[in-house]
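Chemist: Encoded as structure tokens, here's the structure I'll be asking about.
The values are calculated or read from the model by the stated rules, or taken from the named source; none is laboratory data. Just so it is clear, the model here is predicted, and its values are computed rather than measured. Cβ coordinates were reconstructed from backbone atoms using ideal geometry, including for glycine residues, and neighbour counts include every protein chain displayed. To get the accessible areas, we keep the full protein, side chains included, count just its heavy atoms, and leave off ligands, DNA and RNA. Shrake-Rupley method; radii C 1.70, N 1.55, O 1.52, S 1.80 Å.
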Amino acid sequence: MSPMAVLDVTKRLFKHDIRFRLSLLIFVILLVFAVLSVFSPYDPRSSYYVPINRPPSLSHPLGTNGRGQDLFWMMAFALKNSLIFGLEVAIISRIIAVIVGVIAGYKGGIADQVLIFLCDSFIVLPIFPILIFLKLLTREMSLSTLAVVLALFGWPWDARLIRSQVLSLREQKFTITSIFSGENTWELIFYEYLPHILPIVFATTINNMLWSLGLEITLSVLGLTSLDIPTMGTITYWAVQQQAMVTGVWWWILFPIVFIVLLFTSLYFLFVSMTDFINPRARAIAR
Amino acid sequence: MGSFLKFFFKYFVGRLAVCLLVIFVGVTITFLIPRLIPGANPAETAVRRLQMAGSYLPPESIEKMRDELLKLYGLEGSMAQQYFNYWKELLKGNLGPSFASFPTPVITLISRSLPWTVGLLVLTSIVSWVIGTILGGIASYRSNTLWVKIFEMFSNAVRPIPYYIFALTLLIVFAYILRWFPAGGAYQIGIEPSLSWAFFKSVVQHGFLPALSLIIIGMGSWFLNMRNLTSNIIHEDFVTFAKQMKLKEPLILRNYVMKPAMPAQLTGLALQLGTVFSGTIITEIVFNYPGLGTLAFTAIMQSDYNLVMGITLCSIVAVALATLLVDLLLPFVDPRIQYTGGAT
């Protein structure tokens, strides 16, 4: 899958799929906003540097919150942190999924059975209570540690998907051709199989980000993550915690919700239109 | 018929054994985990907390307190002895006292909040399942109708939004801005729980928003699920055949399109009913509903070990029973599964 091919696919999707066009547009805007956080005049961890509870104005486009923080810059930081967090989880769990899926699918036999059993055990584990217990044990969990923990839970579905893809690839003629023409297993997997697996990896990346970002928000609003780092979850936590809707500071709670809804819907529809493109017969089945 | 009963009995005993085994393993794990975690001795934690609170205690009374606490937690004697005692107390229905709200027994706390969670979960699961399943079946049969498209768009738009955010939005709009419903609790403070109309009305009012949030999300996902399942079925030969026989549409829909999708949908429903522990935890926290989820959450935050273990046990039993229910029900809706112990 060369960069040109990716560009070509994007162009075609952009032309024919209105969902893709809209969600890509929103996502790019959010991305630009996240990158803007580099230019922030404030430190995201400090508070009480601006007057509290000011409604949106020219100097503070999204208003300020009850902790004396400028919501515009806080949202930018939160978006950046959340996106990086989601990508971290996605990349680590994709690596596990590809390794497990390819080995299980290609090797078959006992290796396959053991790996699939492992997959299924991870699938049935109730992740939410486990995360709360983990939090209880470790007390302080940084965002990156949480990303690693989530990644350890986020691979099994996609490993199964990749395995089934490899299973069907193994039966194709080009597998035999390439083995007979002297390619070793690594070459076969990297040059012949990976191009077929990569679309799955890309599509599931987005799905996985939706999942991990959702969990991050859930854990944060329960006060279970490091609350001084702005993320989509912690920013909502503070607004709810300090009773923003009771005290009438509507912008404090409104903007996080709006941004979260925009982020999730745009990611979701990107995912849906991509899976429809890869496999038009199967409708997108998000977890 | 006699042989059927025999097979059923054999099947039932087998499934029941599996169910009991799962419960046994679950109980053993809940017994082991707090004992294997280093530095998590609840008696030490309790003593330390008292000392940190600044009260001076003479060493001999600390010693005595530690012994008492160990006894209360069932941490006396060897591991085997503890395990034996644990089972003995468990079968008597004694889960020990709660420590955050000492000396209320854990079983009282659980039985106080269990009805709220079970009521909310069972009601919303069944309502959303029935509506979602029926609409999903009709939707793939008549995919060009306007309302199908609208409903599908709606389900798809709601789906990616994290449940917490969705529930929070409902709460803000209906309880804070419009003020149509109360913002929390299960019934109005001051009304005694009784069989009166006022109490019933209060419960419905307070439960409406949490139920609504669960129903909307649940309905959307059952709808899309059922649509996925039946969208293949409508192209099957037997459906075409039924149409050519000029059978009535509701009949085709019910017996030819929706029936084959039932096993999968029913399995999903039963498994969802088993999630008393985590199923409504967020709902209860957002809407401040006094159910098992809230109880579990506060128990964990206050390191109330006995309570955490009690609730974990409840959820293990619930999941095991739900799986048993699925196993027993499936052969009735899916004739391919037979009571002889496997698919044929």
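Chemist: On each of the three principal axes of the Cα atoms of the stretch A:215-272, give max minus min coordinate, whole Å, ordered largest first.
Modeler: 39, 24, 15
Chemist: Same structure, new question: Once the Cα gyration tensor of chain A is diagonalised, what are the square roots of 5 times its eigenvalues, in whole Å and ordered largest first, as equivalent ellipsoid semi-axes?
Modeler: Ellipsoid semi-axes (Å, largest first): 41, 23, 15.
Chemist: Here's another thing I want to ask about it. Let me check I've understood the local charge: for A:LEU146, count other residues with C-beta under 10 angstrom from its C-beta, Lys and Arg +1, Asp and Glu -1. What total comes out?
Modeler: Neighbourhood net charge equals -1.
Chemist: OK, next. Mind ordering B:124-130, A:243-249, B:216-222, B:292-298 by average Cβ neighbours within 10 Å, highest first?
Modeler: Packing proxy ranking, top to bottom: B:292-298, B:216-222, B:124-130, A:243-249.
Chemist: Per residue of the stretch A:86-92, what does 6.51 cos²θ - 1.76 cosθ + 1.60 with θ = phi - 60° give for ³J(HN,Hα)? Whole Hz please, x for Gly and Pro, Karplus curve as stated.
Modeler: Ordered by residue, 3J(HN,Hα) equals x, 5, 4, 4, 4, 5, 4 Hz.
Chemist: Using a 1.4 angstrom probe, figure out how much accessible area the stretch A:10-115 has per residue, in square angstrom, rounded to the nearest whole.
Modeler: The answer is 53 Å² per residue.
Chemist: Now for a different question. List the residues of the stretch B:126-165 whose accessible area drops by at least 30 Å² when all protein chains are present, compared with their chain alone, using a 1.4 Å probe and counting only protein heavy atoms.
Modeler: B:ASN156, B:ARG159, B:PRO160, B:ILE161, B:PRO162, B:TYR164, B:ILE165
Chemist: Find the sum over both chains of the accessible area lost when B and A are paired, probe 1.4 Å, and report it in Å² to the nearest 100.
Modeler: Roughly 2500 Å².
Chemist: When the accessible area of chain B is split by element with a 1.4 Å probe, what percent falls to carbon and sulfur?
Modeler: The C+S portion of the solvent-accessible surface of chain B is 69 percent.
Chemist: Sort A:SER47, A:SER93, B:SER111 by accessible area with a 1.4 Å probe, largest first.
Modeler: Listed by decreasing accessible area, they come as B:SER111, A:SER47, A:SER93.
Chemist: Does the stretch B:125-246 come out rounded, prolate or oblate by the C-alpha gyration tensor, with a ≥ b ≥ c the root eigenvalues, rounded set by a/c under 1.5 and, if not, prolate when a/b is larger than b/c and oblate if not?
Modeler: prolate
Chemist: Using only DSSP helix segments of four residues or longer, with each worth -39500 (n - 2.57), what per-residue ellipticity at 222 nm results for chain B after dividing by its residue count and rounding to 500?
Modeler: -23000 deg cm²/dmol
Chemist: Might you tell me the accessible area per residue for the stretch B:153-301, computed with a 1.4 Å probe and given in Å²?
Modeler: About 49 Å² of surface per residue is accessible.
Chemist: For the stretch B:131-142, just list the computed ³J(HN,Hα) in residue order, Karplus coefficients 6.51, -1.76 and 1.60, θ = phi - 60°, integers in Hz, with x standing in for Gly and Pro.
Modeler: Each residue of the stretch B:131-142 in turn: 4, x, 5, 5, 4, x, x, 5, 4, 7, 6, 10 Hz.
Chemist: Could you work out the equivalent-ellipsoid semi-axes for the protein assembly as shown, taking the square root of 5 times each eigenvalue of the Cα gyration tensor, largest first, in whole Å?
Modeler: Those come to 40, 35, 29 Å.
Chemist: List the longest stretch of chain A that has no exposed loop site; here a site is one of the GluC sites (Glu not before Pro) assigned by DSSP to anything other than H, G, I, E or B, with at most 13 other Cβ within 10 Å.
Modeler: With a cap of 13 other Cβ atoms within 10 Å, the longest stretch comes to A:1-139.
Chemist: To continue, here is another question. Using only C-alpha atoms and all pairs of different ones, pull out the Kirkwood radius for the stretch A:105-164 in Å with one decimal.
Modeler: Across the stretch A:105-164, the inverse of the average 1/r is 13.0 Å.
Chemist: Counting only trypsin sites (Lys or Arg not before Pro) that sit in a DSSP loop (anything but H, G, I, E, B) with at most 10 other Cβ atoms within 10 Å, what is the longest stretch of chain B containing none of them?
Modeler: B:1-91
Chemist: Using a 1.4 angstrom probe on the protein heavy atoms only, could you order A:ASP43, A:ASP70 from most to least accessible area?
Modeler: Result of the area sort, largest leading: A:ASP43, A:ASP70.
Chemist: A further question follows. Cα atoms only: what Rg and Dmax, in Å, come out for the stretch A:154-211?
Modeler: In Å, with Rg to one decimal and Dmax whole: 13.1, 42.
Chemist: Could I ask something else about it? May I ask for the percentage of alpha-carbon pairs in chain B that lie more than 31 Å from each other?
Modeler: The calculated P(r) of chain B puts 51 percent of pairs beyond 31 Å.
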